[in-house]
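Everything below concerns the one structure shown next.
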Ligand SMILES: Cc1cc2nc3c(=O)[nH]c(=O)nc-3n(C[C@H](O)[C@H](O)[C@H](O)COP(=O)(O)OP(=O)(O)OC[C@H]3O[C@@H](n4cnc5c(N)ncnc54)[C@H](O)[C@@H]3O)c2cc1C
């Protein structure tokens with residue numbers, strides 16, 4: 001079996017630490033002490049525990065999460081390999097449906113999987129030929145195989161030239177922020193293959209639990225969301241997302257503020273009575289602000305965008321979020337998202 005690395009999640013070229021110093025805590029990603037890919041994994045984990053300020057302080061953070069089974073965080077980095085001289089990838093797909101396997105015109109197999117999928121393969125004793133490549137990209141995910149990995153360096157995958165990097169800057173809308181953390185886009189010739197093997201990872205902030213509950217219904221995706229089980233209100237609390245229709249209605253807004261204050265106060269009282277966070281959180285309503293890291297391949301994003309970004313039936317908050325996603329995905333993969341873009345421009349004036 002011959003293995004060739006085609007692509008892996010790379011940083012959004014429009015993000016750089018100097019420019020991001022005032023944009024939430026995004027700049028902390030570069031405090032990570034490993035590859036950018038592992039820094040995304042650690043950041044996703046720390047979003048869950050609201051501990052991004054501790055990025056890079058615990059070298060064993062990723063391997064500890066993997067050991068304890070908190071493995072969603074290792075789903076945010078996707079690696080695509082070309083396999084020649086074996087039909088094994090067909091069996092791999094049967095064993096783990098979370099990978100994408102297609103055949104290229106020359107008969108070789110293209111296999112995309114996130115680092116969790118590849119870890120699953122290694123644990124099953126398959127795809128072991130890929131170990132050294134995987135280890136070079138995300139050593140802390142594969143620590144249990146460290147003694148078998150050869151020390152190699154992987155070539156950085158050259159980005160295609162994106163004409164206008166400004167479209168990839170974090171997008172803000174009414175307190176919501178959408179940031180493309182990274183993406184992968186193997187250089188494959190046909191659009192269908194690029195749809196299945198391309199993927200993108202976003203950070204969504206300043207959105208409600210009502211919004212993320214809709215988001216997480218999309219099953220062909222990976223999510224790492226701030227935990228209401230582990231994060232206490234005393235760590236800064238949660239804001240309430242206020243729907244524009246309520247914000248514009250003084251009486252309704254006053255009632256919402258009153259209810260929100262009452263719930264926060266009662267949360268504190270329950271905590272003072274010794275009630276655990278996981279139980280006190282039963283008081284938190286759909287308005288509770290949250291943030292979430294989300295990864296999907298382009299095929300899943302495409303489905304999501306049809307339902308949530310360019311359909312007037314979609315709820316306002318997730319639609320606004322989806323439209324920011326569409327603007328960025330169209331920027332990096334215009335052929336894959338051309339139809340969504342056409343509808344967006346025709347039906348929504350391109351967000352104008
Ligand atoms: C306007 C609107 C109103 C909605 N109202 C409600 C509501 O009232 N109540 C409610 O519960 N939900 C509601 N939903 C959620 C909706 O039913 C879906 O759960 C959600 O949009 C996820 O989309 P999906 O199931 O098409 O695909 P995803 O989960 O994104 O999966 C993508 C595709 O994979 C395939 N797929 C994935 N898993 C399976 C599976 N297990 N079996 C077969 N095929 C699969 C399907 O082809 C699917 O389209 C609403 C959604 C919208 C957009």
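The values are calculated or read from the model by the stated rules, or taken from the named source; none is laboratory data. Keep in mind that what you see is a predicted model, and the values were worked out from it rather than measured. Using ideal geometry, Cβ is built from the backbone for each residue, glycine included, and neighbour counts are taken over all protein chains shown.
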Item to check | Hey, residue 249 modelled with pLDDT of 95 or more, surrounded by fewer than 20 Cβ atoms within 10 Å (Cβ to Cβ) and within 16 Å of the ligand (Cβ to nearest atom) or not | outcome: no
Checklist entry - Just wondering, is there one or more residues in segment 270-293 that are within 14 Å of the ligand (Cβ to nearest atom), crowded, with 18+ Cβ neighbours inside 10 Å and more than 17 Å from residue 243 (Cα to Cα)? => result no
Next on the checklist: Being in a helix (DSSP H, G or I), under 24 Å from residue 290 (Cα atoms) and in contact with a strand residue (DSSP E or B) (Cβ under 6 Å, 6 or more places away or on another chain) is the filter here; which residues of segment 45-92 pass it?
Outcome noted: 47, 48, 72, 73, 75
Item to check | Residue within segment 14-35 that is within 19 Å of residue 116 (Cα to Cα), touching a helix residue (DSSP H, G or I) at 6+ places or on another chain (Cβ under 8 Å) and free of Cβ contacts under 8 Å to residues at least 40 places away in the same chain present | outcome: no
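State whether one or more residues within segment 219-240 are within 16 Å of the ligand (Cβ to nearest atom), under 23 Å from residue 318 (Cβ atoms), assigned to a helix (DSSP H, G or I) and not assigned by TED's automatic domain parsing to the domain that holds residue 117.
Checked against the condition, which is being within 16 Å of the ligand (Cβ to nearest atom), under 23 Å from residue 318 (Cβ atoms), assigned to a helix (DSSP H, G or I) and not assigned by TED's automatic domain parsing to the domain that holds residue 117, segment 219-240 yields no hits at all.
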Item to check | Selected residue [over 30 Å from residue 39 (Cα atoms) and either touching a residue at least 40 places away in the same chain (Cβ under 8 Å) or within 16 Å of the ligand (Cβ to nearest atom) (or both)] from 348, 298, 304 | outcome: 348
Checklist outcome for this item: Taking segment 179-208 and keeping residues buried (at least 21 other Cβ atoms within 10 Å of the Cβ) and over 16 Å from residue 301 (Cα atoms) leaves 186, 188, 205, 207, 208
